[in-house]
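S.K.: Here it is, the structure, as structure tokens.
Values in this text are rule-based calculations from the coordinates and carry no lab data. Please read these numbers as outputs of a predicted model, since none were measured by experiment. Here the Cβ positions follow ideal geometry from the backbone for every residue, glycine too, while neighbour counts run over all protein chains shown.
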Amino acid sequence: MTRSIVRTILVVLSVATLYMSLAPEAPAQTCSLATVAGSWAATLTGTILFPAPTGPVPAAAVLRFNLDTAGNVSGTEARNVGGGFANETIKGTFTVNPNCTGTTTVQFFQSGVLVRTSVLALVFDDLSTQVRLVQKSLTLPNSTKVPVVITVEGKKLGGD
């Protein structure tokens with residue numbers, strides 16, 4: 001009787017193992033302009049590394065932006081740099097690769113005047129409903145490059 005129970009258990013385990021090995025793997029996430037298009041909200045945090053005597057200054061922002069299927073970015077940013085608050089509009093372009101990595105170049109405006117251009121590396125995850133970015137460069141309108149350590153995390157808003 002004990003042998004019978006052991007055989008039954010072994011057969012059940014063998015069948016379960018075989019079944020699990022035949023189960024299809026989940027497909028890797030792929031991204032495109034169409035999968036990431038929509039309305040987004042994000043937070044930005046980091047440090048701007050101004051030259052001496054100013055030195056490092058904290059930066060934070062909240063953003064609301066749209067990505068379209070043509071690779072355009074547009075939206076608004078409410079930011080605080082070292083205690084100085086400003087509302088800004090943004091516009092730019094982005095690319096996304098099938099592996100969900102990409103780049104965006106965004107111009108920031110205050111009252112219609114260009115105040116800086118930022119280039120960021122990005123990665124989409126969670127089926128194109130989350131995005132993470134790290135800033136590669138910040139360039140002022142006079143072509144001055146300002147070093148930064150900035151990250152952004154965003155979520156796609158519902159209904160898109």
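S.K.: Please compute the modelled spin-label separation between residue 87 and residue 155, points set 7 Å along Cα→Cβ, answer in nm with one decimal.
M.R.: Label-label distance for residue 155 and residue 87, simple model: 2.4 nm.
S.K.: Hey, which lysines would be in cross-link range of residue 156, C-alpha to C-alpha under 18 Å, not counting anything within fewer than 8 residues on its own chain?
M.R.: By straight Cα distance, residue 156 reaches 91.
S.K.: Modelled label-to-label distance, residue 78 and residue 144, 7 Å Cα→beta-carbon offset: nm?
M.R.: Computed distance between label sites residue 78 and residue 144 equals 2.8 nm.
S.K.: What relative contact order, as a whole-number percentage, does segment 33-156 give when Cα pairs under 8 Å and 6 or more residues apart are counted?
M.R.: Taking the mean separation of contacting Cα pairs over the length of segment 33-156, I get 23 percent.
S.K.: Hey, another quick one. Sequence-distant or interchain residues sharing an amide H contact under 5 Å with residue 100, placed H: which?
M.R.: 31
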